[in-house]
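Written below as structure tokens is the structure these notes are about.
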Amino acid sequence: MKRKTHQGKIYDKEKTKQKLIKAVGSILIKEGFQNIKVNRIEAVSGVSKKLIYRYFGGLEGLIKEYLEQRDFWNLQIKQMEGGAYDVTTPLEKEEIITILEDDFHYFEKSPEMQKIILWGISEKNKTLRAIANNREKFGEPVFKKADLTFKNSDIDFRAVSGTIVAAIYYMVLHGKTLGTTVCEIDITKKEGRERYLNTFKKIIDLCYEKTGHKK
């Protein structure tokens, strides 16, 4: 019987692709998005730049693959697609709190995600724009459920959620980049993070209390 070798080739290809993807992250964190260039990726990864074109179709394809593997909301979309997500029932309070807490913890602990957000608001890039648009897809089923919860209230839950997400991004980036407090709260310290998380919960609690929902 002939020995199969194609599995080894597939493994080597995937291993090489991951080296290139990892190199993008390394450059982004250490040198900034301005230095994410083909020649620099080749030097950092130790992989021929020809393979960037062979495996990803070019630099934009590699960046797209990198972002899809690192972006919090894109990962959430994939998890949601992997199971049945019932949009016919109201959005429970603990569900949205968990989503926001997970976003906070992931963003606060991920230097790559922090750099991705900074990159996205610093440079016009069609790939970054596509990823940002894709993030909005995560909200579609969540807000359908929220509409059932808040349909008889004056709560604009999309605006509430957007305000909290924007606050998470700003406060984390401010604390991590400048190392200073925001409104005398240090988000780089456990106490500061807990104060903000507790406040987010209280905001969500107030929204639900106004509708009479307990969940």
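The values are calculated or read from the model by the stated rules, or taken from the named source; none is laboratory data. All figures in this text were calculated on a predicted structure; none of them were measured in a lab. Using ideal geometry, Cβ is built from the backbone for each residue, glycine included, and neighbour counts are taken over all protein chains shown.
List of remarks:
- Pair list, Cβ < 9 Å and 6+ apart or interchain, from the range 55-74 residues that are without any contact (Cβ under 8 Å) to a residue 24 or more places away in the chain to residues that are of a type in the set (Val, Ile, Thr) and surrounded by fewer than 17 Cβ atoms within 10 Å (Cβ to Cβ): Gly58/Val38; Leu59/Val38
To keep it simple, each residue is scored yes or no on (1) touching a strand residue (DSSP E or B) at 6+ places or on another chain (Cβ under 8 Å); (2) farther than 18 Å from Pro90 by Cα; (3) touching a residue at least 60 places away in the same chain (Cβ under 8 Å); (4) outside the structural domain of Glu92 (by TED's automatic domain parsing).
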| residue | (1), (2), (3), (4) |
| --- | --- |
| Ile117 | no, yes, no, no |
| Asp147 | no, no, no, no |
| Ile168 | no, yes, yes, no |
| Lys176 | no, yes, yes, no |
| Gly192 | yes, yes, no, no |
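- Hey, Glu123 closer than 23 Å to Lys176 by Cα and over 16 Å from the mean Cα position of the chain (by Cα) or not: yes
- Annotation note: of Gly175, Gly179, the sole residue that is more than 15 Å from Leu100 (Cα to Cα) and crowded, with 17+ Cβ neighbours inside 10 Å is Gly175.
- Only one of the numbered conditions (1) in a helix (DSSP H, G or I); (2) under 24 Å from Ile77 (Cβ atoms) is not met by Lys124, and that is (1).
- If only residues of the range 197-215 that are of a type in the set (Ser, Thr, Tyr) and touching a residue at least 60 places away in the same chain (Cβ under 8 Å) are counted, the one that is surrounded by the most Cβ atoms within 10 Å (Cβ to Cβ) is Tyr208.
- The requirement of being modelled with pLDDT of 95 or more, within 29 Å of Glu68 (Cα to Cα) and of a type in the set (S, T, N, Q) is not satisfied by Thr98.
- Filter pass, Ile187 being in contact with an Asp or Glu (Cβ under 9 Å, 6 or more places away or on another chain), in a helix (DSSP H, G or I) and among the β-branched types (Val, Ile, Thr): no
- Pairs, first assigned by TED's automatic domain parsing to the domain that holds Glu123 in the range 25-41, second assigned to a helix (DSSP H, G or I) and acidic (Asp, Glu), C-beta under 8 Å, six or more apart: none
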